[in-house]
1. Output the peptides A:98-111, B:29-42 sorted from most to least packed, where packing is the average of other Cβ atoms within 10 Å over each peptide's residues.
2. Order A:33-42, A:63-72 from most to least packed using the mean count of other Cβ atoms within 10 Å.
3. On average, how many beta carbons from a partner chain sit within 10 Å of the beta carbon of a residue in A:43-55?
4. Test of understanding: express the Cα radius of gyration of the protein assembly as shown as a ratio to 2.2 N^0.38 Å, with N the residue count.
5. On average over all directions, what projected area in square nanometres does the stretch A:22-87 have, based on the convex hull of its Cα atoms?
6. Once you keep just the Cα pairs under 8 angstrom separated by 6 or more residues, what percentage relative contact order results for chain A?
7. Hey, what angle do you get for helix A:93-125 against the long axis of chain A, alpha-carbon based, 0 to 90 degrees rounded to 10?
8. Using a Gaussian network model of chain A with C-alpha springs under 10 Å, which one of A:Gly14, A:Gly53, A:Gly88 is most mobile by mean-square fluctuation?
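Values quoted throughout were computed directly from the atomic coordinates according to the rules given, and no laboratory measurement underlies them. All values reported here derive from a predicted model rather than from experimental measurement. FYI the Cβ positions are ideal-geometry reconstructions off the backbone, even for glycines, and counts take in every protein chain you see.
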Amino acid sequence: MSEFAKSLDVTASGLKAQAQRLRHLSENIANADTPGFRRKTISFQTEFTAGKGTGRVETGRVRLDQSDLKQVYDPTHPMADKTGHYDGSNVNLVIEIADAREAQRSYEANLKMFEQARQMSSGLMDLLRR
Amino acid sequence: MFENLDIFRMSHAMARHAGSRQALIAQNMANADTPGYAARDLQPFQAYLETNTADFYPKATRAGHLQGAGANHSHDPRIRHEGQADPNGNSVSIETEMVKAVEVKRQHDRALSIYKHALTVLRSAVSSR
């Protein structure tokens, strides 16, 4: 595979991974008020094919954040216990938004690299033109 | 000039170097959020040229390589930056990679224009006009 094809491939994997991250983030944000919801986190890892690092990035397993759920006081809530509390979600919107910003930034950087690899390879193709 | 077309070989090597460096930068960028990933880079073309003055063709740099003009173990293209890393061990800085990407793009464009121009010179030498 040529270097340009390889870099397009690697960049596309980066785009995909960031998009997946954004998907889980929006899931978390959408469920910020769901009782008992634990926020989902995914990790990034370098892909290995036949024991050899390809440089592509992929997302690892989805894990649930095991930190304590927020206790919400609402005696009228159907799920409230004797003390009037029920388990909220452990989603922190500030963290999610900050993470989403980071994902966006990385996504844009990958997009720029994709565009550049494309330009460089089309410059190479232009050599064939008279 | 016309006996030995060094300029083509040189611009070829330059464009090729830019291409491989670009691939590494793209890889760094894609792994900008991977925990424990160390940024990789090639040495600049200038330094690469100084260590490989003999020719610009692939060489056998390891025992497992099939052919090539002898081993040259001193030249390892991948340099790992030992700069400051993030708490998760990732040492990629998107800003640095962006600057390097622009540098590489310019190097590639330069190499291609040199190639194109040399081709024009050759063409005008052989054309009947």
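1. On the way: A:98-111: 16.9, B:29-42: 22.1.
Result, highest mean Cβ count within 10 Å first: B:29-42, A:98-111.
2. On the way: A:33-42: 15.9, A:63-72: 12.7.
With the highest mean Cβ count within 10 Å placed first, the list reads A:33-42, A:63-72.
3. Working: counts 4, 10, 5, 7, 2, 0, 0, 0, 0, 0, 2, 1, 9.
Average per residue, whole number: 3.
4. On the way: Rg = 25.4 Å, N = 259, 2.2 N^0.38 = 18.2 Å.
The reported ratio for this selection is 1.39.
5. On the way: hull surface 23.8 nm².
Dividing the Cα hull surface by four gives the mean projection, 6.0 nm².
6. Working: 171 pairs, mean separation 40.4, N = 130.
Relative contact order of chain A: 31 percent.
7. 10 degrees
8. With Cα springs under 10 Å in chain A, the top fluctuation among A:Gly14, A:Gly53, A:Gly88 is at A:Gly53.
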